[in-house]
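Novice: Sharing a structure with you now.
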Amino acid sequence: MKLVYFAWMKEKAGIGEETVNPPATVTDLGQLVEWLKERGEPYTSMFQNMAAIRAAINYEYVKIDAAVGPDDEVAFFPPVTGG
Amino acid sequence: MIRVQAEDFDPGAELEALTRGNAGIGGVCSFIGLVRDVADGERIGAMTLEHYPEMTRRRLEEIEAEAMRRWPLEGCTIIHRHGRLAPGDRIVFVATASAHRQAAFESAAFLMDWLKTKAPFWKREETGDGERWVAARQSDDDAAARWTGKPASE
């Protein structure tokens, strides 16, 4: 599974993207976030306030209960500020 | 027509390209967003725009298609820049062309409102005190929400 980060999340992560292999029990986005937080920093501080974070799976906005699988590209970022 | 680029653009040339050869166009409405030198009371030295290229392309195509579906447009142009920009630099260009002005005005406003809340861009400002990520504004969400379920004008 590919994870990509933008804006302050990318800074906290220290990297723009990474590949992870969560266990088969991780089937939705909420479970993925919990699994990442269990790994400690920087994930604990990145995902401290989920209200400040938006997510996309395969380039589409999703909610926290969206299903996620090994072949997905999952993006985490703050609310957008373009225009 | 959609473009996401680091380079500047020429608004006059873009308007000419949008309308050339189509005498069915009776009106064009355009909007250009610029980098301001002050934000939240602080002087801004420069700004860097980051984006998520593949998702940006998809969202902008979707927004363009939605505008074409809602209003009788002859064409529209969306250009968004990324990278480091200085005060006074152009950031974004939106232009819509239609037989009549109302559709052009409304769809241009719609494109900007949806772009600001859906296209995955993030601004980082350089101030005298260092750098900061720009926070999303509730007023932008409110502006985008006014188009929900709104019927297209003729």
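Novice: Quick check: is even one residue across segment B:131-145 more than 12 Å from chain A (Cβ to nearest Cβ) and buried (at least 16 other Cβ atoms within 10 Å of the Cβ)?
Specialist: no
Novice: Counting just the residues of segment B:93-109 that are more than 17 Å from B:R58 (Cα to Cα) and touching a helix residue (DSSP H, G or I) at 6+ places or on another chain (Cβ under 7 Å), which one comes out nearest to the other protein chains (Cβ to nearest Cβ)?
Specialist: Just the residues of segment B:93-109 that are more than 17 Å from B:R58 (Cα to Cα), to begin with: B:93, B:95-109.
Cutting the leftovers down to touching a helix residue (DSSP H, G or I) at 6+ places or on another chain (Cβ under 7 Å) gives us B:93, B:95-98, B:107.
On the way: B:F93: 11, B:A95: 15, B:T96: 15, B:A97: 20, B:S98: 22, B:S107: 15 Å.
Step by step, filter segment B:93-109, then rank; the result is B:F93.
Novice: Which number in (1) in contact (Cβ under 8 Å) with a residue 40 or more places away in the chain; (2) among the charged types (D, E, K, R); (3) in a strand (DSSP E or B) marks the one condition that B:R132 misses?
Specialist: The number of the failed condition is (1).
Novice: Checking the structure you have, find out if any residue of segment B:46-60 is surrounded by fewer than 20 Cβ atoms within 10 Å (Cβ to Cβ), within 12 Å of chain A (Cβ to nearest Cβ) and acidic (D, E).
Specialist: Yes.
Novice: Report, ordered by the first and then the second residue, all pairs with beta carbons closer than 7 Å, sequence separation of six or more or different chains, a first member in segment B:65-88 that is within 14 Å of another protein chain (Cβ to nearest Cβ), and a second member that is surrounded by fewer than 17 Cβ atoms within 10 Å (Cβ to Cβ) and assigned to a helix (DSSP H, G or I).
Specialist: Once the first residue is within 14 Å of another protein chain (Cβ to nearest Cβ) and sits in segment B:65-88, no partner that is surrounded by fewer than 17 Cβ atoms within 10 Å (Cβ to Cβ) and assigned to a helix (DSSP H, G or I) comes close enough.
Novice: For segment A:40-61, state whether one or more residues are acidic (D, E), assigned to a loop (DSSP other than H, G, I, E, B) and more than 10 Å from chain B (Cβ to nearest Cβ).
Specialist: Looking through segment A:40-61, at least one residue is acidic (D, E), assigned to a loop (DSSP other than H, G, I, E, B) and more than 10 Å from chain B (Cβ to nearest Cβ).
Novice: Right, another one. Among B:R84, B:R90, which is crowded, with 16+ Cβ neighbours inside 10 Å, at pLDDT 95 or above and not aromatic (F, W, Y)?
Specialist: Numbers: B:R84 fails: crowded, with 16+ Cβ neighbours inside 10 Å.
Answer to the check: B:R90.
Novice: Shifting gears a bit: What tally of residues in segment A:1-27 results from selecting those that are within 13 Å of chain B (Cβ to nearest Cβ) and either of a type outside the set (D, E) or part of a loop (DSSP other than H, G, I, E, B) (or both)? Even if it seems obvious, please write down each step before you answer.
Specialist: Start the filter on segment A:1-27 by keeping residues that are within 13 Å of chain B (Cβ to nearest Cβ), which leaves A:2-12, A:16-17.
Okay, now just the ones that are also either of a type outside the set (D, E) or part of a loop (DSSP other than H, G, I, E, B) (or both), so A:2-10, A:12, A:16.
Number satisfying all stated conditions: 11.
The values are calculated or read from the model by the stated rules, or taken from the named source; none is laboratory data. What you see is a predicted model, and the numbers here were worked out from it, not measured in a lab. Don't worry about glycine lacking a Cβ; one is built from the backbone with ideal geometry, like all the others, and counts go over all protein chains shown.
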